[in-house]
Amino acid sequence: MPADYHLHTPLCRHATGAPEAYARRALALGLPEIGFSDHSPMPQFFDDWRMLDHEFPLYLDSVDAARAACPTLPIRLGLEVDWLEGGQAWIDALAQRAPWDYLIGSVHYLGPWNFDNPAEIAHFSTCGTAEAWDRYWPLFAQAARSGCFDIMAHPDLIKKFGHRPPGDLHRYYEPAIQACLDGNVAIEINTAGLFKPVAECYPAPDFLRLAAAAGLPLTINSDAHAPEEVGRAFPQALALAAESGFTHLARFQHRQRRLVPLD
C-alpha cells in the first residue's frame, strides 16, 4: 500500500474525525506512512472551508497528538495551499512557519469563482466549459512552476462535475506536465474523484500516461475528509498507476523526495 499524504482535519470545517482516528485507520489498512495536509489559513478571512490563521497552532498540535497516539506510524506534516495570483508572498511565509515534510499546491479558484463548490456549479453555464478549462490550466502551470510546492493536487480538478470541452485534451495536459517538470514537482492520483460526479480519479488516464512517459514523480492519495476515507480505492489507484507506466512512488520527509518501487 502507498503512503497517503492528502488528509484533512476538522479545522477545515468540512471534515470530521480527529487526526488520531485517521492514523488508526491507516494502521488498520497497513499503510506505511501518512501525512496531514489541511487547507492552509489565509492572511484574512477568505472562505469558510479552511482553518483560520489563529487556529494554525491547533493544527500543529493535532498532528503531534496523532503522532503520540500512534508512535509506530510515520506521520508527516504538510499543508494544502491554494494558488492565487499575487499570493506567493503569503505562501513563502507559510513555508517558514513549521517543519514541513511537504507542501501541496492546488487550484480551486478562477478569480472569485470557487469552481469546486457544488453551490457554484451554475457558473459553468455562465462561464462556459471551454473558458473554464482555458483559465484553469495556466493557473495550474503557474503553481507547478512556482517552486513553492512538492506535490500538485488533483491535477484536473476542473472536471469534477463532468465538464470537459470538446477535442483532444492533450492540449491542456502536455503544458501542465511540462510545468511540473520545470518546477520539479510531483503529482498525485487522487482517488476522491471516483466519488464525485465525474466518477474518475484525478487526473484522467490520458494525463497519467503522458506524465509517466515524461518521468513525473507520483503519489497516491485519498484526499480523506473522514477517517473511513483514508486509503480509499487504493488498490484501484495502484493498478491505474501501473497501467499508466509508473514504476515508483514518491515519499517525502523534510521536503526531500525519495522514490520507492511501485510494487
What are the principal axis extents of the Cα atoms in region 144-228, in Å, biggest first? 34, 34, 21
Region 7-153 shape via C-alpha gyration tensor axes, a/c threshold 1.5: prolate
Cα-based Rg (one decimal) and Dmax (whole number) for the chain, in Å? 17.1, 51
What does the convex hull of the alpha-carbon atoms of region 88-210 project to on average, in nm²? 7.9 nm²
Only Lys, Arg, Asp and Glu count, each charged at its Cβ (+1, +1, -1, -1), so figure out the dipole size of region 4-261 about its Cα centre, rounded to 20 debye. 500 debye
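Based on the inverse mean of 1/r over its pairs of different Cα atoms, what is the Kirkwood hydrodynamic radius of region 52-130, in Å?
Details: mean 1/r = 0.0655 Å⁻¹.
For region 52-130, the Kirkwood estimate is 15.3 Å.
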Percent relative contact order for region 151-263, counting Cα pairs under 8 Å at least six residues apart, stands at 23 percent
Could you give me the ³J(HN,Hα) list for region 85-101, computed from phi with Karplus coefficients 6.51, -1.76, 1.60 and θ = phi - 60°, whole Hz, x at Gly and Pro? 4, x, x, 5, 4, 5, 5, 4, 5, 4, 4, 9, 8, 7, x, 5, 8
For region 1-147 the mean separation of alpha carbon contacts under 8 Å (6+ apart) over residue count, i.e. relative contact order in percent, is 20 percent
Determine the relative contact order of the chain: mean sequence separation of Cα pairs under 8 Å and six or more apart, normalised by residue count, in whole percent. 20 percent
Separation of region 81-141 and region 166-213 by C-alpha centroid, Å? 16 Å
In the chain, what percentage of the DSSP-assigned beta bridges are antiparallel, given to the nearest 5? 30 percent
Would you order TRP137, TRP49 from fewest to most other beta-carbon atoms within 10 Å of each residue's own beta-carbon? TRP49, TRP137
When the helix-only estimate is applied to the chain (DSSP H runs of n ≥ 4, each -39,500 (n - 2.57), divided by the residue count), what is the mean residue ellipticity at 222 nm, nearest 500 deg cm²/dmol? -10500 deg cm²/dmol
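Read the figures in this text as sums done on the coordinates, not as results from a lab. All of these numbers come straight from a predicted model, not from anything done at the bench. Virtual Cβ from ideal backbone geometry, glycine too; neighbours counted across all protein chains shown.
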